[in-house]
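**Q** Next up is a structure, given as structure tokens.
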Amino acid sequence: MSKYSRRKFLFTAGITAAGTLLVHGCTSGTNNAANTNTNTTANTNTNTNASPSAVPAVNVNPADAPEVTTAKLGFIALTDSAPLIIAKEKGFFDKYGMKDVEVLKQASWPVTRDNLETGSAGGGIDGAHILSPMPYFMTLGQTKTKQPVPMYILARLNTNGQAISIANNYKEFKVGLDSKGLKDAFSKAKSAGKNDLKAAITFPGGTHDLWMRYWLAAGGINPDQDISVIPVPPPQMVANMKTGNTETFCVGEPWNAQLINQGLGYSALVTGELWKDHPEKAFAMRQDWVDKHPKAAKALLMAVLEAQQWCDKLENKEEMCQILSQKKWTGVPAKDIIERSKGNIDYGDGRPVVQNSPLLMKFWADNASYPYKSHDLWFLTENMRWGYIPADTNTKQLIDQVNREDLWKEAAKAIAVPEAQIPTSTSRGIETFFDGVTFDPINPQAYLKSLKIKKA
């Protein structure tokens with residue numbers, strides 16, 4: 001983005017106490033770390049069942065008004081799409097002047113990518129709830145037409161909240177955080193004539209693929225040789241396990257909990273056990289849309305950040321899950337969503353139910369919303385590890401182009417996020433994984449070199 005475009009993104013008249021779109025009369029307030037424990041594009045989803053709590057933007061200064069009032073945003077039926085859904089249902093988009101936003105269900109991550117490539121002008125979408133590595137793939141030209149579609153990551157939508165689940169017929173091997181037991185299980189299955197063993201993930205190179213590959217490789221299982229890693233849309237994960245098409249899958253909620261509630265499998269682990277407070281989904285938009293509509297982009301971002309604060313409050317969890325359960329959103333019973341949203345984890349294999357886990361899905365607490373550049377560097381390094389992007393990719397240049405944490409900070413300040421909740425560094429520092437491996441963003445090559453199973 002040019003310096004002029006970056007300046008354009010800021011409100012030209014600044015933020016004043018009155019006469020702006022920052023009307024803080026909503027019931028959501030500001031969250032903090034204390035709340036931590038506490039198919040193709042579908043038809044437009046409307047607000048018919050919502051009970052909006054945000055105050056509409058009735059006194060928007062003309063100089064601050066969004067250039068447009070509409071945007072088309074995609075989502076996949078996962079719990080971590082909640083910030084976009086809640087921003088729509090609870091009136092946060094309306095509050096910041098974006099009264100005509102459409103939040104549109106997508107059938108899969110490839111469909112999301114293709115609709116982003118098309119853009120709303122061609123019948124697609126302008127932005128989306130998306131796997132954090134995908135905006136980088138698109139910017140690099142990994143699209144349907146093989147042409148680059150420059151993207152911006154405006155916020156991280158959540159940390160934690162995914163799981164790796166296994167079919168019930170593997171229970172005897174007692175596979176949990178350590179995947180080593182699956183080596184014997186896979187050998188036994190192959191001896192019995194089952195040679196097409198499959199691990200399901202949601203998108204090659206996406207977060208679920210990387211969690212699955214890391215977990216398998218840490219246990220000495222080569223994900224490119226010992227099992228086939230295949231993409232399956234999230235809503236189809238449970239059905240594929242039911243038919244015996246997959247041995248294990250990695251996906252976000254509510255699909256792991258639904259697998260257990262249907263008696264079809266169990267969770268070996270929740271991904272926060274692999275890497276505590278790991279980054280997960282992102283809110284991303286086409287670069288050209290943001291550059292053309294900087295005030296509208298900021299308004300969207302402000303609404304999403306406020307929705308993240310709302311979603312992270314314990315007193316809002318029940319309502320959030322009831323909203324998400326509606327057919328137009330996930331279409332999954334609220335009972336399959338609520339417990340893990342509160343941090344209550346039933347693994348489904350006889351282990352004691354964990355109550356109030358600190359590894360629950362976080363939308364705001366502990367800087368969950370801030371898009372750390374160091375986390376994007378890990379995603380790119382892992383994608384080099386498995387051969388999804390070239391080993392000589394200029395990661396710094398690419399991250400500086402895609403990751404717009406500067407815009408996140410502007411939006412956070414505009415909605416009066418306390419200074420203590422706005423990170424001062426684009427790096428969260430050295431990260432430690434469950435197996436003791438560390439990732440130092442200052443030296444990603446040392447991390448890559450330390451890994452025994454890899455392509456790069």
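The values are calculated or read from the model by the stated rules, or taken from the named source; none is laboratory data. For clarity, every value in this text was computed on a predicted model and none was experimentally measured. Note that each Cβ is placed from the backbone with ideal geometry, even for glycine, and that neighbours are counted across all protein chains shown. These accessible areas exclude ligands, DNA and RNA; they are computed on the full protein's heavy atoms, side chains included. Shrake-Rupley method; radii C 1.70, N 1.55, O 1.52, S 1.80 Å.
**Q** Gap in Å between the Cα centre of segment 83-155 and the Cα centre of segment 222-243?
**A** 25
**Q** Calculated from DSSP H runs of 4 or more alone, at -39500 (n - 2.57) each and per residue, what is the 222 nm mean residue ellipticity of the chain, nearest 500?
**A** On the way: 17 runs with 145 residues, N = 456.
Mean residue ellipticity at 222 nm (helix-derived): -9000 deg cm²/dmol.
**Q** Based on DSSP, what percent of beta bridges with both residues in the chain are antiparallel, to the nearest 5? Could you put the intermediate results ahead of the total?
**A** Working: 25 of 38 bridges.
If I count the DSSP bridges inside the chain, around 65 percent turn out antiparallel.
**Q** So what's the gap between the Cα centers of segment 409-447 and segment 249-271, to the nearest angstrom?
**A** Distance between centres, Cα-based: 29 Å.
**Q** Using 18 Å as the Cα-Cα cut-off, could you pick out the over-long pairs in Lys298/Lys327; Lys72/Lys298; Lys194/Lys455; Lys90/Lys313; Lys313/Lys413; Lys295/Lys328?
**A** On the way: Lys298/Lys327 30 Å; Lys72/Lys298 15 Å; Lys194/Lys455 26 Å; Lys90/Lys313 14 Å; Lys313/Lys413 20 Å; Lys295/Lys328 29 Å.
Lys298/Lys327; Lys194/Lys455; Lys313/Lys413; Lys295/Lys328, as the Cα separations exceed 18 Å there.
**Q** Let me ask something else. Which shape class, rounded, prolate or oblate, goes with segment 361-400 when its Cα gyration tensor gives a ≥ b ≥ c as root eigenvalues, a/c under 1.5 marks rounded, and past that a/b bigger than b/c marks prolate?
**A** Numbers: a/c = 4.55, a/b = 2.05, b/c = 2.22.
Cα axes put segment 361-400 in the oblate bin.
**Q** Show me 369-378, 435-444, 118-127, 172-181 ranked by packing, highest mean number of other Cβ atoms within 10 Å first.
**A** Values: 369-378: 23.4, 435-444: 14.1, 118-127: 18.5, 172-181: 16.3.
The packing order, highest mean first, is 369-378, 118-127, 172-181, 435-444.
**Q** Shifting gears a bit: Suppose the chain between Asn240 and Ile442 were pulled fully straight at 0.36 nm per residue; how much longer would it get relative to their current alpha carbon spacing?
**A** On the way: separation 202, 0.36 × 202 = 72.72 nm, distance 4.07 nm.
Stretched fully, the Asn240-Ile442 segment lengthens by 68.7 nm.
**Q** Moving on to the next point. At 7 Å along the Cα-to-beta-carbon direction for both Lys409 and Lys455, put a label point, then send me their distance in nm to one decimal.
**A** About 3.6 nm separates the two model spin labels.
**Q** Something else about it: Over the chain, with the other protein chains present, what is the accessible area per residue in square angstrom, probe 1.4 angstrom? All intermediate terms of the calculation are to be shown ahead of the outcome.
**A** Working: 16710 Å² over 456 residues.
On a per-residue basis, the chain sits at 37 Å².
**Q** Taking the inverse of the average 1/r across all pairs of different Cα atoms in segment 214-358, what Kirkwood radius in Å do you get?
**A** On the way: mean 1/r = 0.0564 Å⁻¹.
About 17.7 Å for segment 214-358.
**Q** Considering only protein heavy atoms and a 1.4 Å probe, what is the carbon-and-sulfur percentage of the accessible area of the chain? Working shown, then result.
**A** On the way: 8520 of 16710 Å².
Carbon with sulfur: 51 percent of the solvent-accessible area.
**Q** Which far-off residues, 5 or more places away or on another chain, put their amide H under 5 Å from the one on Gln162, with H placed in the peptide plane?
**A** Answer set, sorted by chain and number: Thr271, Gly272.
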